[in-house]
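Chemist: This is the structure I have questions about; it appears just below.
The values are calculated or read from the model by the stated rules, or taken from the named source; none is laboratory data. Remember, it's a predicted structure, so these values are computed and weren't measured experimentally. Here Cβ is always computed from backbone atoms with ideal geometry, including for glycine, and neighbour counts include all displayed protein chains.
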Amino acid sequence: MDFSIDAQPLRDSLSPKAVQDLRRKRMLDMLLILLAFPFLIPLALFIVLLIRIVSAGPVLFRQERVGYLGRHFMCFKFRTMFVDADTTMHQGHLQHLMNSNAPMMKMDSRGDPRIIPFGLFLRASGLDELPQLINVLRGEMSLVGPRPCLPYEYEKYLPWQKERFATVPGLTGLWQVSGKNKTTFVEMIQLDIKYAKNKTLWWDLKIILMTVPALIIQMLETRRAKKTSPLPVRPKTNYSNRTTEQYSFKKATFVGAVRAADGEDVWIRKETKLKL
């Protein structure tokens, strides 16, 4: 299946101003990536080596996402979870966030046994999303914009919420530098729509500069939450010979939020046996 954006039909459906805005935004993306390449290449190689050492399996993780005007594409990330990790828990957690006023906290803060060693740091620092520069180069994403959502998340969006797809998705955005984990799902949507309607190149540059302190704050908050949460069950790793031995996880019990049939929020315990 081809998840790339068909640029010509897309441009034919847009106004001349919208096409011009897309071109300017893409020119800014290409310029900034070119300037950052000397730093990004060695950093990416280091992360590739780190993942190879601590976990068996592919370095890159590919996932179908929904982007500009609801079009699907294949999104790239550095793999931060063990191979074949269960994803049903994330769906329950996301459903809870979408149907409540709870802050958009990731499951990472509660201690997620699916995450590989050093994976929490990569996720908190945003370095796991570095391969999405490939998506930027392919024109599927931008450096700044709303985060591309998952297909099952898109299906639950209300019509007004889909206005956030009126611009190209990005690695960082207005939501990320406006509190992120302290905002609710509805507040995230409102921030994304605000950006989509008022985006400018100067605003993009401002958001990019604000992303660095926002990531530092996110890393500190993740570290603080990790100290107060039970440690997840992890596989033992033999660092001396740079191989990861195969172990079966003990059953890891944790709590997932779901919406009950009567509309009340309830908590259910789910036992999931994970294997490396």
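Chemist: Residue under question is Pro113, and the condition is that it be within 16 Å of the chain's Cα centre (by Cα) and crowded, with 17+ Cβ neighbours inside 10 Å; does it hold?
Modeler: Spelling it out, it is not the case that Pro113 is within 16 Å of the chain's Cα centre (by Cα) and crowded, with 17+ Cβ neighbours inside 10 Å.
Chemist: List every residue pair whose Cβ atoms lie under 7 Å apart, where the two residues are 6 or more positions apart in sequence or sit on different chains, the first residue falls within the range 97-125 and is closer than 25 Å to Ile51 by Cβ, and the second residue, located anywhere, is among the polar types (S, T, N, Q) and modelled with pLDDT under 80.
Modeler: Between residues of the range 97-125 that are closer than 25 Å to Ile51 by Cβ and residues that are among the polar types (S, T, N, Q) and modelled with pLDDT under 80, the close pairs are Ser109/Ser229; Arg110/Ser229; Gly111/Ser229; Pro117/Thr237.
Chemist: Next question. For the range 137-156, indicate whether the set of residues that are at pLDDT below 95, on the phi < 0 side of the Ramachandran plot and of a type in the set (Gly, Ala, Ser) is non-empty.
Modeler: No, because not a single residue in the range 137-156 is at pLDDT below 95, on the phi < 0 side of the Ramachandran plot and of a type in the set (Gly, Ala, Ser).
Chemist: Now for a separate question. Write out, first by first residue and then by second, each pair whose Cβ atoms fall under 8 Å of each other, whose residues are 6+ apart or on separate chains, and whose first residue, in the range 143-172, is over 24 Å from Met210 (Cβ atoms) while the second is in a helix (DSSP H, G or I) and among the charged types (D, E, K, R).
Modeler: Listed by first residue and then by second, the contacts come to Tyr154/Lys162.
Chemist: Give me the residue from the range 116-163 that is of a type in the set (A, V, I, L, M, F, W, C) and assigned to a loop (DSSP other than H, G, I, E, B) and, out of that set, surrounded by the fewest Cβ atoms within 10 Å (Cβ to Cβ).
Modeler: Leu158
Chemist: Quick one: in the range 11-46, of everything that is of a type in the set (Asp, Glu) and surrounded by 11 or more Cβ atoms within 10 Å (Cβ to Cβ), which residue is farthest from Leu143 (Cα to Cα)?
Modeler: Asp21
Chemist: Can you tell me which condition Lys206 does not meet? The list is (1) assigned to a strand (DSSP E or B); (2) out of contact with any Leu (no Cβ under 6 Å at 6 or more places or on another chain); (3) modelled with pLDDT of 85 or more, and all the others hold.
Modeler: Result: Lys206 passes all but (1).
Chemist: List pairs: first in the range 75-95 and closer than 18 Å to Ile47 by Cα and surrounded by fewer than 19 Cβ atoms within 10 Å (Cβ to Cβ), second of a type outside the set (D, E, K, R) and at pLDDT below 80, Cβ under 9 Å, 6+ apart or cross-chain?
Modeler: Short answer, once both residue conditions are applied: Val83/Leu276.
Chemist: If you take the residues in the range 80-103 that are of a type in the set (A, V, I, L, M, F, W, C) and either assigned to a helix (DSSP H, G or I) or under 24 Å from Arg62 (Cβ atoms) (or both), which one is modelled with the lowest pLDDT?
Modeler: Our first condition is that a residue be of a type in the set (A, V, I, L, M, F, W, C); within the range 80-103, this holds for 81-83, 85, 89, 94, 97-98, 102.
Adding the requirement that they be either assigned to a helix (DSSP H, G or I) or under 24 Å from Arg62 (Cβ atoms) (or both) leaves 81-83, 85, 89, 94, 97-98.
Values: Met81: 92, Phe82: 92, Val83: 90, Ala85: 79, Met89: 73, Leu94: 80, Leu97: 83, Met98: 85.
Once the filter is applied, the top-ranked residue is Met89.
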